[in-house]
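Have a look at the structure below before the remarks.
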Amino acid sequence: MGVVNVTPDSFSDGGQSFTPQAAVAHGLALLEQGADIVDVGGESTRPGAARPPVEEELRRVLPVVRELAAAGAVVSVDTMRAEVAALALDVGARLINDVSGGLADPAMLPLMAQAGTPYVVMHWRGHAAGMQANAAYGDVVTDVVDELRRRVEAALQAGIHPGCLIVDPGLGFAKTPEHNWELLGRLGEVREQLGHPLLVGASRKSFLGRLLADPATGQERPAGLRDAATAAVSVLAAAQGVWCLRAHDVASTLDAVRVTARWGVEAAAQAQRLLR
Ligand code: PMM
């Protein structure tokens with residue numbers, strides 16, 4: 001899944017695709033790189049970010065979805081709002097990626113039940129403005145699985161077909177770097193316990209920037225220089241059986257997945273030696 005952020009303030013690509021023309025061109029380039037899905041979003045979920053009004057989100061997203069769908073792309077829309085999801089589906093979106101797992105808008109689950117299209121349910125504990133205050137867990141994997149299971153049950157109760165549900169542990173959403181690493185290391189457990197296809201979005205996230213911080217200054221590695229680290233995460237996530245990887249630089253993640261597919265799971269254990 002390639003990322004097309006139509007936002008002025010995204011942490012990962014800093015407003016690169018803010019005009020509809022630039023966003024469409026970027027989406028087409030990601031497809032050219034080999035993306036199966038392009039994920040179009042008009043709301044930044046960076047920790048601390050303010051929400052755009054719904055009209056603004058629609059203005060950002062709809063023209064881009066319409067044009068990419070017309071070009072034959074499988075378009076996903078990254079939104080927490082049922083109104084945006086409904087209009088995006090009308091203009092050709094084929095999947096809704098809801099980082100709130102249906103918690104942000106009570107109209108979302110009924111809409112998805114009616115639409116009958118695939119729906120990504122991500123683990124979420126509140127909007128970007130205050131979410132890092134909620135980063136407290138017992139065992140993070142147990143808690144995230146339990147909370148996601150409740151969202152899956154709510155989705156099924158609303159009438160969403162089980163075959164339409166994709167789950168996502170929500171790396172970086174109300175999670176510290178340690179929580180993200182623990183979830184990544186135990187993705188196989190998350191997948192087995194939930195029994196739905198798993199989507200993972202680690203691409204360019206700040207826990208990678210933190211790991212690769214400059215040893216002299218302590219400064220995080222900038223977002224644009226985290227693609228090799230993202231590809232490494234992609235290898236390890238692929239080896240644990242995820243269904244979909246959400247990435248900004250599709251080419252490097254796809255290469256990494258190709259190598260993993262050729263190699264086998266042993267790679268993960270062996271690679272640790274290189275770091276001693
Ligand atoms: N992360 C971001 C946005 N949308 N959707 C899903 N399903 N999973 C994620 O981890 C996720 C997401 C934040 O990253 P961005 O600002 O680079 O898009």
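The values are calculated or read from the model by the stated rules, or taken from the named source; none is laboratory data. The structure displayed is predicted, hence computed values, not measured ones. Heads up, the Cβs are rebuilt from the backbone with ideal geometry, glycines too, and the neighbour counts pull from every protein chain shown. Keep in mind that these areas ignore ligands, DNA and RNA; they rest on the heavy atoms of the full protein, side chains included. Shrake-Rupley method; radii C 1.70, N 1.55, O 1.52, S 1.80 Å.
Could you compute the net charge surrounding Ala231? Neighbours are other residues with a C-beta less than 9 Å from the C-beta of Ala231; K and R count +1, D and E count -1. That sum, taken over residues with Cβ under 9 Å, equals -3.
Spin-label model, Ala158 to Glu32: label points 7 Å out along the Cα-to-beta-carbon direction sit 3.7 nm apart. Dividing the helix sum by the residues of the chain, where each DSSP H run of 4 or more adds -39500 (n - 2.57), gives a mean residue ellipticity at 222 nm of -13500 deg cm²/dmol.
Fully extending the segment from Gln193 to Arg51, taken as 0.36 nm per residue of separation minus the present Cα-Cα distance, adds 47.8 nm. Within region 35-53, find all residues whose amide N lies under 19 Å from a label point positioned 7 Å from the Cα of Ala129 along Cα-to-beta-carbon. Within reach of a label on Ala129, which here means backbone N under 19 Å from a point 7 Å along Cα→Cβ, region 35-53 contributes 42-53. With a Förster radius of 41 Å applied to the C-beta separation of Asp139 and Gln21, the computed FRET efficiency comes to 0.30.
Can you give me the relative contact order of region 106-230 as a percent, contacts being Cα pairs under 8 Å and 6 or more apart? The value is 26 percent.
Accessible surface for the chain, divided over its residues, is 45 Å² per residue with a 1.4 Å probe.
Compare Ala85, Ala29, Ala174 in a GNM of the chain, Cα atoms joined below 10 Å, and give the one with the largest fluctuation. Fluctuation is largest for Ala29. Among the protein heavy atoms of region 2-275, carbon and sulfur supply 55% of the accessible surface, probe 1.4 Å, non-protein parts ignored. Measuring max minus min along each principal axis, the C-alpha atoms of region 2-275 give extents of 51, 40, 38 Å (largest first). In this label model, Ala228 and Ala71 are separated by 3.0 nm, measuring between points 7 Å along each Cα→Cβ vector.
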